[in-house]
Amino acid sequence: MEFRRTLAIALALCLVRMAFAQAPPSIMLFGIVDDQKTNNAMQNVCVRVFTDSIAGDSVFTDAVGKYQLFVPLGQKHRLAYTAEGHHRKVVEVDATAEMDAAARNQEWNIRIDISLLPAEVPLPDELLDTPIGMAAWQPAMREFQWDQPYTERYKQRYKQAVKEAGKK
């Protein structure tokens, strides 16, 4: 009887180790969400992950607007930030580029702070579903970097859409 119990415990420990050993390397995505008009932190903002276009987990911001989630390397992720009475925003993190073993096994984290604009004027879904920023692995730099020119172009497009919607 004692042998079976010892064997069962050893088998359980082995399965736990295998589960942790087989977990794919991941990236921690974290940040703070605030109201673009007031600069106040926003509680209960839904941050939903779409991995390779498939809806995944959601987390909600805490009392000071903070959130944190983990996504696997080797896939493309979109995060959609939504709160009642505010326009949604989307960001994209592309982790599909080839990484060497040292980079793949390193702990990665990307801070993504978001400001949501109150939905005082209607904006087109096409604009709201377009990522406001895109981060990707840059092998030459050995880090994840944001495409700053893309973000600047998006900001101009967003400002123009808000301006036009306000005239209607």
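The values are calculated or read from the model by the stated rules, or taken from the named source; none is laboratory data. Note that the coordinates shown come from a computational prediction; the quantities given were computed from them, not determined experimentally. Cβ sites come from the backbone with ideal geometry, for glycine too, and all protein chains shown count toward neighbours.
For this structure, a couple of remarks:
- Given (1) surrounded by 15 or more Cβ atoms within 10 Å (Cβ to Cβ); (2) small (Gly, Ala, Ser); (3) in a strand (DSSP E or B), number of the condition ALA103 does not satisfy: (3)
- Among the residues of region 111-145, the ones that are assigned to a strand (DSSP E or B) and either of a type outside the set (Phe, Trp, Tyr) or modelled with pLDDT of 95 or more (or both) come to 12 in all.
- Considering residues of region 130-155 that are under 22 Å from ASP35 (Cβ atoms) and out of contact with any strand residue (DSSP E or B) (no Cβ under 6 Å at 6 or more places or on another chain) only, the residue surrounded by the fewest Cβ atoms within 10 Å (Cβ to Cβ): LYS155
- Among the candidates ALA161, ALA165, residue that is surrounded by 16 or more Cβ atoms within 10 Å (Cβ to Cβ) and in contact with a Leu (Cβ under 8 Å, 6 or more places away or on another chain): ALA161
- Condition check for VAL91: under 11 Å from the mean Cα position of the chain (by Cα) and more than 30 Å from GLY166 (Cα to Cα): no
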